[in-house]
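Trainee: Before we start, here is the structure in question, set down as structure tokens.
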Amino acid sequence: METEAPEPKWQRRKDARPPEILDAAYRVFTEKGFAAARMDDIAKAAGVTKGTVYLYFDSKETVFKALVVGAFSERFDRLTEVMAGYEGSCSGLLAEVLRALGEFVATSERIGLPKIVIAEIGKFPELARFYRHEVIGRGLRLWDAILRRGIERGEFREVPVDHTIRLCIAPILLAAIWRTTFAQFDEQPYDIAGLIETHIDMLLRGLRKESAAP
């Protein structure tokens, strides 16, 4: 029985093209760097014409923003929904959010974006501002809300929230950088889940009021 030939990329339905273009752009950005990447490179990697890329994205900056929104902004939306409906302890909420972020770092195909940002986006002020607002800003607000809720409920002791927020995030960023930079040289895959559990344990011990139940 004859099998049908695979459908050429240029004949695929239009709604399939943006994800393919974004996948290709991510590969180009990670291989060439953002500054050196061109729309021609993205089109070639996606197997489409440059004109097709421009149908959906008017610049590589727009492509980068779409990658950020897809990788981070939608995830923050889900975490915000979880937080809004969470009825358990603030310690449990903190642990759940950290585990979700740890799983993202360990499994996401877009985890190289923070490395690109650290390496190059400082040269592009508009993109740096966008990332600061869409990723860093939303992350800071999320953790601020969790910590202040815990303090108000008497679960967490009084701490300098602005600094504690960054301590909450630091191991997540470390794991992302490790996975995209040093993991290739590890003899054994680094245990990101173990790092997160250790972080949760130490963080909650530091936050917990002596009078609060463990």
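The values are calculated or read from the model by the stated rules, or taken from the named source; none is laboratory data. The structure displayed is predicted, hence computed values, not measured ones. Neighbour counts run over all protein chains shown; Cβ positions are idealised from the backbone, glycine included. When the accessible area is computed, the model is the full protein with side chains, heavy atoms only, and any ligands, DNA or RNA have been set aside. Shrake-Rupley method; radii C 1.70, N 1.55, O 1.52, S 1.80 Å.
Trainee: Among the listed residues 169, 151, identify the single one that is more than 23 Å from the chain's Cα centre (by Cα), at negative phi and of a type in the set (A, V, I, L, M).
Mentor: 151
Trainee: Sticking with this one: Taking residue 155, is it open to solvent by 20 Å² or more (accessible area, probe 1.4 Å), at pLDDT 95 or above and closer than 21 Å to residue 82 by Cα?
Mentor: For residue 155, the condition - open to solvent by 20 Å² or more (accessible area, probe 1.4 Å), at pLDDT 95 or above and closer than 21 Å to residue 82 by Cα - is met.
Trainee: Return a yes/no flag: does segment 106-126 have any residue that is open to solvent by 30 Å² or more (accessible area, probe 1.4 Å), modelled with pLDDT of 90 or more and under 16 Å from residue 199 (Cα atoms).
Mentor: Scanning segment 106-126, I find at least one residue that is open to solvent by 30 Å² or more (accessible area, probe 1.4 Å), modelled with pLDDT of 90 or more and under 16 Å from residue 199 (Cα atoms), so the answer is yes.
Trainee: OK, next. Residue under question is residue 25, and the condition is that it be hydrophobic (A, V, I, L, M, F, W, C), surrounded by fewer than 20 Cβ atoms within 10 Å (Cβ to Cβ) and either under 18 Å from the mean Cα position of the chain (by Cα) or within 21 Å of residue 130 (Cα to Cα) (or both); does it hold?
Mentor: No, not satisfied.
Trainee: Which fully enclosed helices (runs of 4 or more DSSP H) of segment 114-214 have 2 or more residues being among the acidic types (Asp, Glu)?
Mentor: Correct list: 138-152, 192-207.
Trainee: Oh, and also: Counting only residues that are among the small types (Gly, Ala, Ser) and in contact with a helix residue (DSSP H, G or I) (Cβ under 7 Å, 6 or more places away or on another chain), which one in segment 160-214 is most open to solvent (accessible area, probe 1.4 Å)?
Mentor: If we take residues in segment 160-214 being among the small types (Gly, Ala, Ser) and in contact with a helix residue (DSSP H, G or I) (Cβ under 7 Å, 6 or more places away or on another chain), then 193 is most open to solvent (accessible area, probe 1.4 Å).
Trainee: Here's something else I'd like to know. Have a look at 150, 70, 102 and point out the one that is closer than 20 Å to residue 172 by Cα, surrounded by 19 or more Cβ atoms within 10 Å (Cβ to Cβ) and touching a residue at least 24 places away in the same chain (Cβ under 8 Å).
Mentor: The conditions single out 102.
Trainee: Looking only at segment 38-60, how many residues end up being part of a loop (DSSP other than H, G, I, E, B) and surrounded by fewer than 16 Cβ atoms within 10 Å (Cβ to Cβ)?
Mentor: Residues flagged as part of a loop (DSSP other than H, G, I, E, B) and surrounded by fewer than 16 Cβ atoms within 10 Å (Cβ to Cβ) within segment 38-60 amount to 5.
Trainee: Assuming residue 63 fulfils every condition listed in (1) part of a helix (DSSP H, G or I); (2) open to solvent by 10 Å² or more (accessible area, probe 1.4 Å) apart from one, which condition is it?
Mentor: Residue 63 satisfies all of (1) part of a helix (DSSP H, G or I); (2) open to solvent by 10 Å² or more (accessible area, probe 1.4 Å) except (2).
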